[in-house]
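The values are calculated or read from the model by the stated rules, or taken from the named source; none is laboratory data. This structure is a prediction, so every number in the text was calculated from the model and none was measured. We place every Cβ from the backbone using ideal geometry, glycine too, and count neighbours over all the protein chains shown. Areas reflect the complete protein model, heavy atoms only, side chains present, ligands, DNA and RNA absent. Shrake-Rupley method; radii C 1.70, N 1.55, O 1.52, S 1.80 Å.
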Amino acid sequence: MSDFQLRRLGLVMEPEPDNPLEAEGVLNPAAVRGPDGQLYLFPRLVAQGNYSRIGIARVVFDAAGDPVGVERLGIALEPEADFEHRHDGTGGCEDPRITFVEPLRRYVMTYTAYSQDGPRIALAISEDLFRWQRLGLATFRPYDCIEFEGIDNKDASVFPIAIPDPSGQASLAILQRPLFPGTRPEETACHPGSRLVDLDRESIWISYCSMAMADCAPYHLCHFGSHHRLASPVATWERLKIGGGTPPIMTRHGWLTIYHGVGELSASSGSAPELCYCAGVLVLSATFPQVIRYRSREPVLTPTSLQERQGTVPNVVFPTGIDRRDDLGLPDRFDVYYGMADRRIGVARLDVPERLPPGALADPSQAKV
């Protein structure tokens, strides 16, 4: 197993009884330190009919500094824009990630806006985490005859500092995973055994938006190009799909992100296989984040507890938030917040090793899993 194993700390948030805003779950939160130094979670709150809002809660710690619960503070984003509504009353704002972007001196939220057109990446900015300005839907220029516009897209996150794009221009860099038709795990599960991965359409991508106009026109931050294919499904545990997870955060080894992969549980004779969502580690070059320095061969977190195996969607651990424990004087310690079976929120602890483990998983130019 990987030297990046996560140690569970426990449950931090679950639906309140009789709270209609949380009738179908609290899950997949962003996690970020506020200007006051406190840690805030931004969970997806799911009301009846799969209608989602993004809440805000302050994390409560025990005497040892371990997260043990939350104090609910209200709603951060209520679906208001056309791109956040569906005609049947479902949809909304889902699965946020939040990063304090230093050159902007603002927090940037990426989230899934779910409308009649399907899931799309949207962005919002804030100076204090409590008042958010929508920037709108992200747009992606074509790349090598690949059209990203009009394609479902989810699980995006941005880097906290300016990253040079391929031309050397300081840019807001985003990790994104377009969901081209036929690439959802429910669809790729129809191909038993090993299969050839469509690298252009089944990968995590890194894309760039110039920050030159950001101060005078923040809406410019929604337009991305200069795409680079970052990672594709390779290992058995992720053979059906990979996607983004926690926002990239700098460590002694480079940019760390905990991503998710989808595989299959062993099915009994005659029954359809069940999907299983696990978490893995990517470490990207500090200077050139298009370069993968390390990728875990095995998942670092798998759904084993009852709370992770039973819920709205069974057998799911889904990492979305990460907190460096500088407040404890431990810059190599990170708490990872994750969705449990699309119903509740757990937290696990990761201590980054002094050296990268040997034998990292390769991501070849042609992947067969």
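Quick notes on this one:
- Highest-fluctuation residue, Y107, Y143, Y259 considered, GNM on the chain with Cα pairs under 10 Å: Y143
- To the nearest 10, the accessible area of E127 is 120 Å² with a 1.4 Å probe.
- Fraction of accessible area attributable to carbon and sulfur, region 174-304 (%, probe 1.4 Å): 55
- In nm, spacing of pseudo-spin labels at N19 and Q5 (7 Å Cα→C-beta vector): 3.3
- Computed with a 1.4 Å probe on the full set of protein chains, the accessible area for T251 sits at about 20 Å².
- Result for the chain in a Gaussian network model with C-alpha springs under 10 Å: among V317, V32, V352, the largest mean-square fluctuation is at V352.
- Rolled with a 1.4 Å probe across the full set of protein chains, the surface gives S203 an accessible area near 0 Å².
- Region 1-128, accessible area per residue, ligands and nucleic acids excluded (1.4 Å, Å²): 41
- Cα-projected label distance for E71 with F288, points at 7 Å along beta-carbon direction, nm: 4.8
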